[in-house]
1. Restricting attention to segment 117-164, which residues are among the charged types (D, E, K, R), surrounded by fewer than 18 Cβ atoms within 10 Å (Cβ to Cβ) and over 15 Å from G14 (Cβ atoms)?
2. Would you please name the residue that is surrounded by the fewest Cβ atoms within 10 Å (Cβ to Cβ), looking only at residues in segment 7-20 that are modelled with pLDDT under 95 and among the aliphatic types (A, V, I, L, M)?
3. For segment 119-135, name all the residues that are in contact with a helix residue (DSSP H, G or I) (Cβ under 8 Å, 6 or more places away or on another chain), more than 19 Å from S43 (Cα to Cα) and either in a strand (DSSP E or B) or of a type in the set (K, R) (or both).
4. Got a sec? Which of E98, E142 is assigned to a helix (DSSP H, G or I) and at pLDDT 55 or above?
5. If I ask for residues that are outside any loop (DSSP other than H, G, I, E, B), of a type in the set (V, I, T) and either surrounded by fewer than 19 Cβ atoms within 10 Å (Cβ to Cβ) or modelled with pLDDT of 95 or more (or both), which ones from segment 33-61 would you list?
6. Any residue in segment 125-150 that is at positive phi sitting within a Cβ distance under 7 Å of a residue that is charged (D, E, K, R)? List the pairs, counting only those 6 or more apart or interchain.
7. Going by what's in this entry, would V104 be described as under 20 Å from S19 (Cα atoms) and modelled with pLDDT under 95?
8. For segment 21-32, enumerate the residues that are surrounded by 17 or more Cβ atoms within 10 Å (Cβ to Cβ) and over 23 Å from I146 (Cβ atoms).
Amino acid sequence: MNSAIERLLTLRIGDIMNSPVETLHENDTMSAAAARLAELDVSGAPVVDDCGRCVGMLSVTDFALREARNGSSDAPDQYGWQMGLVMGTDGRPLHLEEFSTDRVGEHMSPAVQTVSPSASLVNAGRILCREHIHRLVIVDDEGRPIGMVSSLDLVAAMVAAIEE
C-alpha cells in the first residue's frame, strides 16, 4: 500500500490530463454550445476569450440553472435547481430555444478552477472537494487550456496506482 501512495504522490495532473481539450468561445450562442457538447458527448467545456485564455466553464448545470432561475438573478435553493434538469421552476420543460441566441459568456460559470500541469493529484483533489466541482482545467503559463481532469480521472489514477 505504501508503494501505491508513493506512486500517487509522484503523479502530476499533466500525467493524467485529457488533452487536447475542446473549448467553447464566450461569444458562441447557447444553441451552438449545446450542439457542440452533445457532439463531443461531454457535460461541460472550458470557455475561452479571443486570446484563447480560459475565462469560464459551461456545463449542463449552467443550462439547468438558467432555466431554474427562469431569468432571475436569484439562485435557486441548494437542491431545487436539479429539477431544472427536466423542468423549469414553473413546471414547464426546458426549452433551449428560449435562450438559444444568448451568448455563452452570459451563462457560463466565470469562476473556473484552473491548475498547471505540474500540480499534484492531492492538490487537484483538494480543489475539486473544496469547490464542489467535477472538473479542472489545466492551463499553460498564459492561461490557455491545454487539458482537463475530472473527478473520475482522479479516481481512475488512484485505482491504477493501487492495482499496480
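The values are calculated or read from the model by the stated rules, or taken from the named source; none is laboratory data. Worth saying up front: this structure is predicted, and the values here are computed from it rather than measured. With ideal geometry, Cβ positions are generated from the backbone for all residues, glycine too; neighbour counts draw on all protein chains shown.
1. R126, R130, E131, E142, E163, E164
2. So, considering only residues that are modelled with pLDDT under 95 and among the aliphatic types (A, V, I, L, M), the one surrounded by the fewest Cβ atoms within 10 Å (Cβ to Cβ) is L9.
3. Hit for segment 119-135 is S120, nothing else.
4. Numbers: E142 fails: assigned to a helix (DSSP H, G or I).
E98 is the lone residue from the list that is assigned to a helix (DSSP H, G or I) and at pLDDT 55 or above.
5. The initial filter retains those residues of segment 33-61 that are outside any loop (DSSP other than H, G, I, E, B), namely 33-40, 44-48, 54-61.
Pick out the ones that are also of a type in the set (V, I, T) and you get 47-48, 55, 60-61.
Within segment 33-61, V47, V48, V55, V60 qualify.
6. That search, which allows pairs on different chains as well, returns G143/R53.
7. Working: under 20 Å from S19 (Cα atoms): no; modelled with pLDDT under 95: yes.
No: the conditions fail for V104.
8. Within segment 21-32, M30 is the sole residue that qualifies.
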